[in-house]
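The next block holds one structure in the form of C-alpha cells; read it before the comments.
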C-alpha cells in the first residue's frame, strides 16, 4: 500500500490538514509543539480503525475536545 495523500480533521491539535503528492519517503519538520507527532498519531489511528470494529476515543483526542465533530 502506498499513501499518496491524506486529510486529518478535528484530531488533537489539528483542526484540518490536507497533505497531497506524498513521495515514498517524507520528512515532517518544524518547531516544537506544532503538531508533527499528531500527524503520525492521526495516521496510526486511521489504520487502527481499519483493523478494529470499536475503538475508545477520549475527549483529548478531539480538536479542542469537541467530541461532536467527527475525526
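Would you confirm whether or not the range 37-50 contains a residue that is part of a loop (DSSP other than H, G, I, E, B) and either on the phi < 0 side of the Ramachandran plot or free of Cβ contacts under 8 Å to residues at least 40 places away in the same chain (or both)? There is no residue in the range 37-50 that is part of a loop (DSSP other than H, G, I, E, B) and either on the phi < 0 side of the Ramachandran plot or free of Cβ contacts under 8 Å to residues at least 40 places away in the same chain (or both).
Taken over the range 7-42, the criterion of being surrounded by 14 or more Cβ atoms within 10 Å (Cβ to Cβ) and within 9 Å of the chain's Cα centre (by Cα) is satisfied by 8, 9, 10, 11, 12, 14, 17, 38, 39, 41, 42.
If you check 9, 18, 31 for being touching a residue at least 40 places away in the same chain (Cβ under 8 Å), outside any helix (DSSP H, G or I) and either out of contact with any strand residue (DSSP E or B) (no Cβ under 6 Å at 6 or more places or on another chain) or at negative phi (or both), only one passes: 9.
No value in this document is a laboratory result; all are computed from the given coordinates. The model shown is predicted, which means the values in this text are computed figures rather than measured ones. Cβ sites come from the backbone with ideal geometry, for glycine too, and all protein chains shown count toward neighbours.
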